Amino acid sequence: MSSRKSDPRLALLVDGIVRLSRGDLSSRMEPSPARDDVDAVITGINLLAEELQLVHQQFEKRVESRTAMLNQAHLDMRRMAMTDALTGLANRVALVERIEAALAAASAGTAPPALLLLDLDSFKNINDRFGHSAGDRVLTEVAQRLQGVVRGSDVVARLGGDEFAVLVSQATMEIALQVANRVMEVLDQSFHLDEFSVYSRASIGIRLADQGASAESLVLEADTAMYEAKRLGRSTIKVFEPVMLYDRQLRTLMASELRDAINNEELVLHYQPVVSLTDGRILGVEVLVRWNHPTRGLIFPDSFIPLAEEIGAILELDRWVMAAALSQYERWRDELDLAPDFQLRLNLSAVELQQLDLVDYVRGVLKNHRIPPVNLVLEITETALVTGAEVETYSLLSLKNLGVCIEIDDFGTGYSSISYLRRLPVDMVKVDRSLIAELTDGSWQADFITAILQLIRAAGLDAVFEGIETAEQARKLTEMGCLSGQGYYFSKPLTLDAITSMLKTNQHLPAA
Ligand code: C2E
Ligand code: CA
Ligand code: CA
């Protein structure tokens, strides 16, 4: 017993087990050459330790790979939360984060960042005409083109819809303008959708960060500049100026006033005669709306129609104009000796054509005032018609079936071809005033207008010329065979009283 007690291997054994139980799974014990029971136990424990170590290693590996997976998932989720799914560009959240980083760097002494916000000008038309998946293709390509014109340190983001942003790091105004011009250049190339080439140019607002700017103010101010660029017309670059913020506030104020104006009877109608070029007879009148503002006086439609469209008040406005004008027509017909073919011409906004109840409304107002549909001409701008969406064609067809005349207004300012117009149910074309602006003897414009007139006639349509300001223009147009026109040469738009007395005396305006 005593010899067993003193067996040194037992102490070794106890020691080894303690080490294993502490987690040192690599520790092993050396069996003695005796190969007796004690050695058998030592060998058994060594094998067990081996087993444990293996299980432990596998466990560790699994934990490791799980952790890696979780980290990856976390990264993916973060990337997804920071990425625009369609284009793979940074999204608004990511952009704001990068702006904040750039502003922080600037306050530590680097050059400030500049933010470019851009909005595609005619994207809605592409979506309407070619469908959403075509629209998506255009957006994806825009994203690629934008990425092609920035430096690696810049950020291109899509903020939703057709709005994009470029954050130019460490910029000067010169660099920011260079980037904006390069963006314009790449968007100047057409996009190919099946057999069509479409254009999607942009309006760009630029804001170079001031010392101490916040991400929020930078975005707001770039957006204000972009809004201004958009307002000024297509594919314009605008650098932020503080006065733009004031203008924007004013427009917000005007927007709420405009909503009330329609109900408060602040809108008034003026009327411009359309005359026969050969004898000066008044063939009809175009109704032109004005806003008689209580403090700012008479406001012209170019200053509030786009605003009405923007705030969705245009439908109400156009319908108010239609009801008021037709009611006036009824009074004239009862009181004056109007020719049976006297035409009342109304301007109709593009969005009206998207309203399924438009035709019922028109039919109802005509019936209320007992006015034959042929006496009504609806002028619709060319740019409104080129979208060619189904609902618009449906509206046009229904109006035409009702017997109303449809006229394309501002013809020559859009991209529509005569062959496209031929497919639309329209009756007349009003040639835009810009086309005759320089019509004088011997000018190249005479040949151009003759050609346009031939095309219009070949499509079976009638032409009216607007913006005739001089006797010379009137004479030239008459020589070319144009039949009717309107413009300051004959008469400016007139108040109700003035046009009424003109119609009453059955006055003929100066013929060519
Ligand atoms: P528009 O349909 O092209 O109307 C003709 C515009 O040209 C009118 O401007 C008219 O005053 C102006 N004009 C007429 N003759 C001449 C001329 O000889 N020379 C020049 N330089 N200009 C001439 P206005 O009244 O300011 O109307 C501007 C635009 O506002 C109209 O352009 C039309 O698109 C829109 N608009 C007017 N009334 C309405 C309306 O009730 N509803 C809608 N949706 N739009 C309207
Ligand atoms: Ca018009
Ligand atoms: Ca016009």
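The residue pairs whose first member lies in the range 216-237 and is under 25 Å from residue 188 (Cα atoms), whose second member is of a type outside the set (A, V, I, L, M, F, W, C) and part of a helix (DSSP H, G or I), and whose beta carbons are closer than 7 Å, counting only pairs six or more residues apart or on different chains, are 224/248; 227/248.
Determine if the range 493-509 includes at least one residue that is without any contact (Cβ under 8 Å) to a residue 60 or more places away in the chain, more than 16 Å from ligand 1 (Cβ to nearest atom), outside the structural domain of residue 196 (by TED's automatic domain parsing) and under 33 Å from the mean Cα position of the chain (by Cα). No, because not a single residue in the range 493-509 is without any contact (Cβ under 8 Å) to a residue 60 or more places away in the chain, more than 16 Å from ligand 1 (Cβ to nearest atom), outside the structural domain of residue 196 (by TED's automatic domain parsing) and under 33 Å from the mean Cα position of the chain (by Cα). For residue 180, are the conditions met, namely being out of contact with any helix residue (DSSP H, G or I) (no Cβ under 9 Å at 6 or more places or on another chain) and touching a residue at least 24 places away in the same chain (Cβ under 8 Å)? Here the answer is yes, as residue 180 does meet what is asked. Among the candidates 86, 48, the residue that is assigned to a helix (DSSP H, G or I) and of a type in the set (A, V, I, L, M) is uniquely 48.
Do you know which of the residues in the range 456-489 that are in contact with a strand residue (DSSP E or B) (Cβ under 6 Å, 6 or more places away or on another chain) and polar (S, T, N, Q) is farthest from ligand 3 (Cβ to nearest atom)? Ranking the qualifying residues of the range 456-489, first place goes to 484. Only one entry of 105, 111, 94 meets the criterion of being in a loop (DSSP other than H, G, I, E, B) and of a type in the set (A, V, I, L, M, F, W, C), and that entry is 111. Would you confirm whether or not the range 242-257 contains a residue that is surrounded by 14 or more Cβ atoms within 10 Å (Cβ to Cβ), free of Cβ contacts under 8 Å to residues at least 60 places away in the same chain and within 16 Å of ligand 2 (Cβ to nearest atom)? Checked the range 242-257: no residue is surrounded by 14 or more Cβ atoms within 10 Å (Cβ to Cβ), free of Cβ contacts under 8 Å to residues at least 60 places away in the same chain and within 16 Å of ligand 2 (Cβ to nearest atom). Just for the range 266-280: of the residues that are among the β-branched types (Val, Ile, Thr) and farther than 14 Å from residue 339 by Cα, which one is nearest to ligand 3 (Cβ to nearest atom)? Result: 268. For the range 209-236, filtered to residues that are under 18 Å from residue 171 (Cβ atoms) and among the polar types (S, T, N, Q), the residue that is surrounded by the fewest Cβ atoms within 10 Å (Cβ to Cβ) is 211.
If you go through the range 312-369 and keep only what is more than 16 Å from ligand 1 (Cβ to nearest atom), within 26 Å of residue 383 (Cα to Cα) and touching a residue at least 12 places away in the same chain (Cβ under 8 Å), you end up with 356, 359, 363. Based on this model, can you work out whether residue 346 counts as within 33 Å of the chain's Cα centre (by Cα), under 15 Å from residue 402 (Cβ atoms) and of a type in the set (A, V, I, L, M, F, W, C)? Yes; evaluated as a whole, the condition is true for this residue. For the range 66-93, a tally of residues being farther than 30 Å from residue 159 by Cβ and loosely packed, with under 10 Cβ neighbours inside 10 Å returns 0. Residues in the range 391-418 that are at pLDDT below 90 and closer than 23 Å to residue 373 by Cβ: 391, 392, 393, 394, 411. Looking only at the range 90-136, residues that are among the acidic types (Asp, Glu) and over 24 Å from residue 207 (Cβ atoms) come to 2 in all. Report yes if some residue within the range 461-474 is in contact (Cβ under 8 Å) with a residue 40 or more places away in the chain and over 34 Å from the mean Cα position of the chain (by Cα); otherwise report no. Yes: one or more hits.
Every listed requirement among (1) surrounded by fewer than 16 Cβ atoms within 10 Å (Cβ to Cβ); (2) within 16 Å of ligand 3 (Cβ to nearest atom); (3) of a type in the set (Lys, Arg) is met by residue 345 save one, (1).
Scanning the range 76-104 for residues that are without any contact (Cβ under 8 Å) to a residue 24 or more places away in the chain and small (Gly, Ala, Ser) yields 81, 85, 101, 104.
Within the range 475-489, if we keep just the residues that are hydrophobic (A, V, I, L, M, F, W, C) and in contact (Cβ under 8 Å) with a residue 40 or more places away in the chain, the residue that is farthest from residue 448 (Cα to Cα) turns out to be 483.
Of everything listed in (1) surrounded by 15 or more Cβ atoms within 10 Å (Cβ to Cβ); (2) closer than 25 Å to residue 292 by Cβ; (3) more than 30 Å from the chain's Cα centre (by Cα), the single unmet condition for residue 331 is (1).
Being within 15 Å of ligand 2 (Cβ to nearest atom) and surrounded by 20 or more Cβ atoms within 10 Å (Cβ to Cβ) is a property that does not hold for residue 302.
The values are calculated or read from the model by the stated rules, or taken from the named source; none is laboratory data. None of these values were measured; they are calculated from a predicted model. As a convention, Cβ positions derive from the backbone with ideal geometry for all residues, glycine included, and neighbour counts pool all protein chains shown.
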